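K.L.:
Below you'll find the structure I mean.
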C-alpha cells in the first residue's frame, strides 16, 4: 500500500501515467478531464468528502475546473481480480469521529493500523 497526497491547480495538466487499483478521498473538488491510452476522454466533477474506487488505469489528467484539485490516494498492491472489496461498495458513510471499525474496513487492517476501537 502507498498513500499519496495529490494536488493539481486549475489549468494544470499531468502527462500520461498508470495507476494500480486505488481509493481516492477528495479533500477539495473540481472538474477534471481524463484522457485514456485508447484515445477516450471523459470529464468528471469530484466534490469534497467523496470517496472514489479506481480500477487500474493509464490516463492523462487536466484540471478544467476553477479550483485546485486536492485528494489523498491509497494505492493498493495488485493481488488478484481488481474489484472493490465489499466494504467499499456500501452506501454507508465513514464515521466523522472515533476509530474506524470492522464495519468499515477489514478487521486485520483495522487492528494492524491501530484503527480498531
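The values are calculated or read from the model by the stated rules, or taken from the named source; none is laboratory data. Predicted, not measured: the structure shown is a model, and the values here were computed from it. Here Cβ is always computed from backbone atoms with ideal geometry, including for glycine, and neighbour counts include all displayed protein chains.
K.L.:
Can you give me the number of residues within region 1-45 that are touching a residue at least 40 places away in the same chain (Cβ under 8 Å), closer than 17 Å to residue 55 by Cβ and not in a strand (DSSP E or B)?
P.N.:
Within region 1-45, residues that are touching a residue at least 40 places away in the same chain (Cβ under 8 Å), closer than 17 Å to residue 55 by Cβ and not in a strand (DSSP E or B) number 3.
K.L.:
Please enumerate the residues belonging to region 58-73 that are assigned to a loop (DSSP other than H, G, I, E, B) and either closer than 14 Å to residue 42 by Cα or touching a helix residue (DSSP H, G or I) at 6+ places or on another chain (Cβ under 8 Å) (or both).
P.N.:
64, 65
K.L.:
Would region 75-98 turn up any residue that is part of a strand (DSSP E or B), surrounded by 13 or more Cβ atoms within 10 Å (Cβ to Cβ) and at pLDDT below 95?
P.N.:
yes
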